[in-house]
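What follows is a set of notes on a single structure, which appears directly below.
The values are calculated or read from the model by the stated rules, or taken from the named source; none is laboratory data. Nothing here was measured: the structure is a model prediction, and the numbers come from that model. Every residue, glycine as well, gets a Cβ built from its backbone with ideal geometry; the counts of neighbours run over all protein chains shown.
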Amino acid sequence: MPPSLQLGPYTVIALADGEGPFFSPRREAFPGATADQWAAADRFDPGALDADGRWWLRFRAFAVRSDRGVTLVDAGIGPADGPAASWAPVPGALPASLAAAGIDPADVDTVVLTHLHTDHVGWAVVGGERARPYFPNAAYLLQRAEAEALDRINPQLRSAVLDPLRAADRLRLLDGDAPLRGGGRVLATPGHTPGHQSVLVDAGRDRVAVTGDLLVHAVQLLHPELAYAHEMDAERARVSRERLLRGPAAGTLHLATPHLTEPFLAHRPARPAV
Ligand SMILES: [Zn+2]
């Protein structure tokens, strides 16, 4: 069974898809980070630095399971011929991770695509020329702002992902926050891309946020003000990140992130200064 977090009636399951080095030096990816900030981030997440000094990323999706259904958050790097093949360590292992969790693709009723980067939509659609949704019974949720910005984000995903989802009548466009059928809700967290979204599941005082790329490295968890070079609007991304991480002071906010070494992190929001 893959790593999971139980929160009230919800089981959040981390689904590994792959791991590998980032394509450019990490100091270019976070140009504002200081030597002290890197040192703190490396103590916090030593697995994100390989022996050659490269940023080592995990690639994972998450499932949120309850008696109301199965929601998948993101769809990984995908198969060997998927759109992430030019840079990510394909083929991904998501099908095996789903099987280990006891989830058949047909059981997934909702797929939340946090954003239209290739390492988050890899398994959304498969089959090459005969493209079909990999999760045949799922509604695929995407922010309308993301779909409308596709040409600026990644035009290749029109024919690879959006057109096949539309043809199968599986694409649902959202305008901001929205409840999820299986529980929890989608939160609009723009900045990384224009229509980036995350998922928040509440169980009493404790919550879990499946962040997507709201933060991509521990250096942005320890220092949420730090921009990542591939954020399309770094200022909006910072506001979205700080808003989520600050949250209410009571309870624990669990973070479920796609790219950090540990799939789950318990985050205690700093209490406001008095
Ligand atoms: Zn990513």
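Screening Pro258, Pro164, Pro194, Pro224 for residues that are in a loop (DSSP other than H, G, I, E, B), farther than 26 Å from Arg43 by Cα and not acidic (Asp, Glu) leaves exactly one candidate, Pro194.
Taken over the range 126-158, the criterion of being part of a helix (DSSP H, G or I) and modelled with pLDDT of 95 or more is satisfied by Arg144, Ala145, Glu146, Ala147, Glu148, Leu150, Asp151, Arg152, Ile153, Leu157, Arg158. When Ile153 is tested against (1) farther than 23 Å from Leu5 by Cβ; (2) β-branched (Val, Ile, Thr); (3) under 13 Å from the mean Cα position of the chain (by Cα), only condition (3) is not met. Note on the range 25-41: among residues that are touching a residue at least 24 places away in the same chain (Cβ under 8 Å) and part of a helix (DSSP H, G or I), the one that is surrounded by the most Cβ atoms within 10 Å (Cβ to Cβ) is Ala41.
Listed by first and then second residue, the pairs linking a residue in the range 103-127 that is within 17 Å of Asp169 (Cβ to Cβ) to a residue that is within 11 Å of the ligand (Cβ to nearest atom) and in a loop (DSSP other than H, G, I, E, B), with Cβ atoms under 6 Å apart and 6 or more places separating them unless they lie on different chains, are Leu113/Val121. Selection of the range 123-150 for residues being farther than 18 Å from Pro83 by Cα and more than 19 Å from the chain's Cα centre (by Cα) yields Pro136, Asn137, Glu148.
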